[in-house]
Amino acid sequence: MRYLLEGHLSDPDGSGRDWDCALANHLHALRTRPPHQVIDDLTADLYALHTDIAQSRHQDATRWLYRVAAILACVQANALTRIGDHEAAIRWWSTARRTADASGDLEVRLLVRGEEAIHGLYGQREPRRVLALVAAARRITDRPWPRLVAAEAKALAMLGRHSDATRTLDRLVDAAERVGGDSLGWWKVDQVYFARSWVHAAAGSERAADAARDRVLSTVSRNSYQYRINVRLHEAICTVVQGGIDAGCRHAAELIDATPAAYRTNHVVETGRRVLGAVPPGRQASPAVADLRTVLVAASGGGGSGHRGPAGAHRRSG
């Protein structure tokens, strides 16, 4: 009923709504709240935006509303990825790209493509497909966009191309310095350190991975749950790569199991699966590996695992 009432108050070009404030609110929610809540809260604004676009009378106003639509579609696709609804997420990524292109805003076009590539790495797309998405985005412009470079570095690390991934991190630092930040608040410098943690952990480079992880934990908000959980799971990956199979798997299992069910997102589960993926075939029968596998199965179902060990971090051991 409230939206029906507001429909009589808004002007025909939608400028009466504070969409910039709404975008900031949804981005904050995405970073700090359970994804199901984000999706529920988006519904009303997506409906209102549809109404504003339908009522828009001027081309400039319509293109600006397409810009808003692209960013909200990006939030929706991100949240759907977090709950593991990949088919729906891919459709929303497509909508985000198309509306971003219709807006004519280069920054939004790059933002959407960077986010699609980054989140595709969490079980949604093959790493090689993510590299193809990055290459396609670069055909739009030669303007550096850090999230695209970060996606490339992470995908290369997942493919075991560790030297290439490390060199790409150098380009990421350069891109971050040149861009600084984006006007929409999506890109932050802590994402450079997160990418470093990802790449160095995959290579088993303990000192570099630890330094990057510590920078992430010291710079991101305590409410940014996904960054904080996943960067600690990178530590478990590094432990396993170095040969500490039991210690790394115990660390990952305890960390995921201690996370409230609403925050055990697809991103967390997929990073836990990367810990399992780093275990050599001959060690898959280890009890610690089996325990982590059980925790991940339970987490994938959205429920508690029943495994309630202490949640303290385990340092590396052979």
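Annotations for the structure displayed:
- For region 107-165, radius of gyration divided by Kirkwood radius, i.e. Rg to Rh on alpha-carbons: 0.95
- Anisotropy class of region 186-302 from Cα gyration tensor, a/c 1.5 cut: oblate
- Stokes-Einstein D in µm²/s, Kirkwood radius over Cα pairs - region 215-281 at 20 °C with 1.002 mPa s viscosity: 178
- Packing around the peptides 77-90, 229-242, 33-46, taken as the average count of other Cβ atoms within 10 Å per residue, puts them in this order, highest first: 229-242, 77-90, 33-46.
- Normalised by the number of residues in the chain, the average gap of Cα pairs under 8 Å and 6 or more apart makes the relative contact order 13 percent.
- Note on region 74-172: with neighbouring protein chains present and a 1.4 Å probe, carbon and sulfur make up 44 percent of its accessible heavy-atom surface.
- Packing-based ranking, highest mean first, of 281-288, 197-204 given that Cβ atoms within 10 Å are counted: 197-204, 281-288
- Counting 0.36 nm for each residue step from Ser94 to Ala290 and taking away their Cα separation leaves a gain of 66.8 nm.
- 11 Å reach of a label modelled at Arg283, 7 Å along Cα-to-Cβ, counting backbone N of region 166-201: none
- Net lengthening on full extension, Glu206/Asp170 (0.36 nm per residue, minus Cα-Cα): 11.1 nm
- Three-way shape call for region 40-127 based on the alpha-carbon gyration tensor, with the a/c threshold at 1.5: oblate
- In percent, rounded to a whole number, the relative contact order of region 84-223 is 17, using alpha-carbon pairs under 8 Å and six or more apart.
- With all projection directions averaged, the alpha carbon convex hull of region 61-211 covers 8.5 nm².
- For Ala165, the shell of other residues with beta-carbons less than 12 Å away shows a net charge of +2, using +1 for Lys and Arg and -1 for Asp and Glu.
- Note on region 196-308: with neighbouring protein chains present and a 1.4 Å probe, carbon and sulfur make up 51 percent of its accessible heavy-atom surface.
- Think of the chain as having a plus end and a minus end, set by charges on the Cβ of Lys, Arg, Asp and Glu; of Leu46, Gly114, Ala61, Gly114 sits farthest toward the positive end of this dipole.
- Scoring 25-32, 104-111 by mean Cβ neighbours within 10 Å over their residues and listing the highest first yields 104-111, 25-32.
- Trypsin sites (Lys or Arg not before Pro) lying in DSSP loop within region 179-229, provided at most 10 other Cβ fall within 10 Å: Arg222
- Proximal charge balance of Leu111 [Cβ under 11 Å; K/R count +1, D/E count -1]: 0
- Remark: the chain carries 44 Å² of accessible area per residue (probe radius 1.4 Å; ligands, DNA and RNA excluded).
- Cα centroid of region 76-143 to Cα centroid of region 193-225, whole Å: 24
The values are calculated or read from the model by the stated rules, or taken from the named source; none is laboratory data. In this text the structure is predicted, and so the values were computed from the model without any measurement. Methodologically, a virtual Cβ is constructed for each residue, glycine included, from the backbone with ideal geometry; neighbour enumeration extends over all protein chains shown. For accessibility, only protein heavy atoms count, side chains too; no ligands or nucleic acids. Shrake-Rupley method; radii C 1.70, N 1.55, O 1.52, S 1.80 Å.
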